[in-house]
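Working notes, structure below.
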Amino acid sequence: MSPRSRFVDRDAAQSAVSLARPAIEAALRDAAISGQHVLHLVVLDPSARPGTCAFQEAVLLECTIGNQDTQGWDADYAAFARDKAALSWRHGMDSRRLQLMEPHRLAHDDGLLWGGVWLDGIVVAASGAMPQWDEAFSAWVAINVRAIAYERAVAG
């Protein structure tokens, strides 16, 4: 098991999602953003590093916003979000950048979807919306994680 972040834990991840949730829920009502009206999010421990632990050990939080009826989904958005998170985690960059700017780094079994972000070592990935919105929602949560960590660090 890898060491855990001093200032980012499951509660911090849940708080970061809760802060973004109202805006995400409002956006998911628009079928042009998400035809299934769903978003699955994955938040990783920023202290976990590839090679020091298994990917699943790095996962702090997974949650679904919107349509909870996974049987009615037209795709496995949870698996897609995990794949996007794994890409950003392993490569230390947003999955969009990897896909569009550095495709030579992709392995045969790497997913070809984007919507995960890497912000100063904070990895958040989303799936269920159009890729630009998956990325935006991931970024909203990641920036909240960074702010929460900062507040915790200052508080001591």
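The values are calculated or read from the model by the stated rules, or taken from the named source; none is laboratory data. Please read these numbers as outputs of a predicted model, since none were measured by experiment. Using ideal geometry, Cβ is built from the backbone for each residue, glycine included, and neighbour counts are taken over all protein chains shown.
Here are the numbers for the structure shown:
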{"quantity": "Odd one out for Arg82, checked against (1) surrounded by fewer than 19 Cβ atoms within 10 Å (Cβ to Cβ); (2) closer than 23 Å to Arg21 by Cα", "calculated": "(1)"}
{"quantity": "Criterion violated by Phe55 - all others in (1) hydrophobic (A, V, I, L, M, F, W, C); (2) buried (at least 24 other Cβ atoms within 10 Å of the Cβ); (3) out of contact with any Leu (no Cβ under 6 Å at 6 or more places or on another chain) satisfied", "calculated": "(2)"}
{"quantity": "Long-range neighbours under 7 Å by Cβ, at least six apart or interchain, first residue in contact (Cβ under 8 Å) with a residue 24 or more places away in the chain and more than 19 Å from Asp11 (Cβ to Cβ) within segment 53-76, second surrounded by 13 or more Cβ atoms within 10 Å (Cβ to Cβ) and of a type in the set (Phe, Trp, Tyr)", "calculated": "Phe55/Trp89"}
{"quantity": "Verdict on Asp94 being under 27 Å from Ala153 (Cα atoms) and charged (D, E, K, R)", "calculated": "yes"}
{"quantity": "Leu41 being under 21 Å from Asp11 (Cβ atoms), assigned to a strand (DSSP E or B) and in contact with an Asp or Glu (Cβ under 6 Å, 6 or more places away or on another chain)", "calculated": "no"}
{"quantity": "Which numbered condition Arg4 misses (of (1) at pLDDT 95 or above; (2) under 19 Å from Val141 (Cβ atoms))", "calculated": "(1)"}
{"quantity": "Subset tally (residues that are in contact with a Phe, Trp or Tyr (Cβ under 6 Å, 6 or more places away or on another chain) and at pLDDT 95 or above) for segment 96-107", "calculated": "1"}
{"quantity": "Counted residues, segment 66-112 - those being hydroxyl-bearing (Ser, Thr, Tyr), out of contact with any Leu (no Cβ under 7 Å at 6 or more places or on another chain) and within 20 Å of Ile33 (Cα to Cα)", "calculated": "2"}
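Conditions (1) crowded, with 19+ Cβ neighbours inside 10 Å; (2) at pLDDT 95 or above, marked per residue:
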site: Asp74; (1), (2): no, no
site: Ser88; (1), (2): yes, yes
site: Asp94; (1), (2): yes, yes
site: Asp109; (1), (2): no, no
site: Ala126; (1), (2): yes, yes
site: Met130; (1), (2): no, yes
